[in-house]
Amino acid sequence: EGVGAQEYVLIKMKIVAPYPVKLKKFSNKSMFLVAATLRPETMYGQTNCWVRPDMKYIAFLTKSNEIFICTARAARNMSYQDFTTEEGKAPVVINLMGEDLLGCCLKAPMTIYETIYTLPMLTIKDDKGTGIVTSVPSDSPDDYAALVDLKKKTAFREKYGIKDEMVLPYEPVPIIDIPDFGTLGAVTIYERLKIQSQNDKEKLLEAKEILYLKGFYDGVMVIGEFKGKKVQDIKKSVQKLLVDKNEAVIYHE
Ligand code: A2H
């Protein structure tokens, strides 16, 4: 069970009213979708949260009496990392499907958007992170591709009961300047490689490989507390800022 090699930052995305039907009865507690990220410095550019409609999630009680929502697998890992009252036990308050969480209104740390929404992403893996992914379409090709899919396909939105106002007003936010790619790196690479959708696996893999190292080594922040500083120099400081404000927690697997 214990502590593995991969360290994620879990972003606490607070669920606010109007609550989804299945969560209404718990609204006297603070409830969070906990999204696993390797890129805390990109949180200034969050536009939405991703869940997979056909995947199982649980809501469980943490030792600080908050409700965290993620996969059962991740909750179990957390129960061995001092997230819960009793080691090895994550007290379930309710079992959920991803679709129960769609259209959920959230407050997320650092982003310029006052509230953002939970939207469907079909490529989320059940065996990594928390199964909840925060979306930064300026810097993640996967996120940008999935957002474009929703924006351009009315039928896709309708299928999942996603209202236009949960998607259409949200645009990628310039947060990091990468030489040769500009301030919307994921958009640039999406267009250069002519990516068609979130299912365009090979091209998305290529896009990620090209963008990530460049973003990390050559990227410069153009927003927030660390504006003008290089990504590699401030990544840990942003992480600390989030953790100190209790807007994120560290999780290993
Ligand atoms: B990253 P690794 Cl801006 N299924 O966060 C699919 N993707 C998942 C996931 C899951 N179960 N859990 C986490 N992720 C995503 C930000 C970001 C991320 C940016 C750029 C790249 C990037 C905003 N989304 O990831 O396989 C999360 O998205 C590049 C891979 O554990 C998380 O960080 O290495 C990353 O993948 C973890 O992937």
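Every read-out reported here was derived from the displayed coordinates using simple, explicitly stated rules and does not represent laboratory data. None of the values given here were measured: they were computed from a predicted structure. Virtual Cβ from ideal backbone geometry, glycine too; neighbours counted across all protein chains shown.
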(message) I need the phi-derived Karplus couplings for region 161-169: 6.51 cos²θ - 1.76 cosθ + 1.60, θ = phi - 60°, integer Hz, Gly and Pro marked x.
(response) x, 8, 6, 3, 6, 7, 10, 4, x
(message) Using the basic label-point model (7 angstrom from Cα toward the beta carbon), what is the residue 233 to residue 22 distance in nanometres?
(response) 4.6 nm
(request) Choose one answer from 90, 155, 145: the residue with the largest mean-square fluctuation in a GNM of the chain with alpha-carbon springs under 10 Å. (result) 155
(request) Choose one answer from 120, 40, 91: the residue with the largest mean-square fluctuation in a GNM of the chain with alpha-carbon springs under 10 Å. (result) 91
(message) Please check: in the Gaussian network model of the chain (C-alpha springs, under 10 Å), which one of 126, 82, 143 has the largest mean-square fluctuation.
(response) 82
(message) With +1 on the Cβ of every Lys and Arg and -1 on the Cβ of every Asp and Glu, and nothing else charged, how large is the dipole of region 1-64 about its Cα centre, in debye rounded to the nearest 20?
(response) 440 debye
(request) When a/c is below 1.5 the answer is rounded, else prolate if a/b is larger than b/c, else oblate, so apply that to region 174-250 with a ≥ b ≥ c taken from the square roots of the Cα gyration tensor eigenvalues. (result) prolate
(message) Is there a quick way to get the dipole size of region 49-171? I mean about its Cα centre, with the Cβ of Lys and Arg at +1 and of Asp and Glu at -1; what is the value in debye to the nearest 20?
(response) 240 debye
(request) Would you mind working out the magnitude of the charge dipole of the chain relative to its Cα centre, with +1 at each Lys and Arg C-beta and -1 at each Asp and Glu C-beta, to the nearest 20 Debye? (result) 500 debye
(request) Please give the FRET efficiency for residue 196 paired with residue 114, using the beta carbon to beta carbon distance and R0 = 45 Å, rounded to the nearest 0.05. (result) 0.90
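Kindly state, to the nearest 0.05, the FRET efficiency for residue 164 paired with residue 81, given R0 = 51 Å and r defined as their beta-carbon distance.
Once rounded, the FRET efficiency stands at 0.80.
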(message) Can you find, among 141, 189, 215, the residue sitting farthest towards the positive end of the charge dipole of the chain, where Lys and Arg contribute +1 and Asp and Glu -1 at Cβ?
(response) 141
(message) Give me, ordered by chain and number, the residues 5 or more places off residue 130 or on other chains with an amide H under 5 Å from its own placed amide H.
(response) 36
(request) With θ set to phi - 60°, apply the Karplus curve 6.51 cos²θ - 1.76 cosθ + 1.60 along region 67-83 and write out the HN-Hα couplings as whole Hz, x wherever there is a Gly or Pro. (result) 9, 10, 10, 6, 6, 4, 4, 5, 4, 4, 4, 4, 5, 9, 10, 6, 8
(message) Could you tell me how far the Cα centroid of region 1-70 sits from the Cα centroid of region 175-224, in Å?
(response) 26 Å
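Which order results if 105, 70, 49 are arranged by neighbouring Cβ count within 10 Å, fewest first? Write out the running numbers ahead of the final one.
Values: 105 16, 70 26, 49 23.
Sorted ascending by nearby Cβ count, the order is 105, 49, 70.
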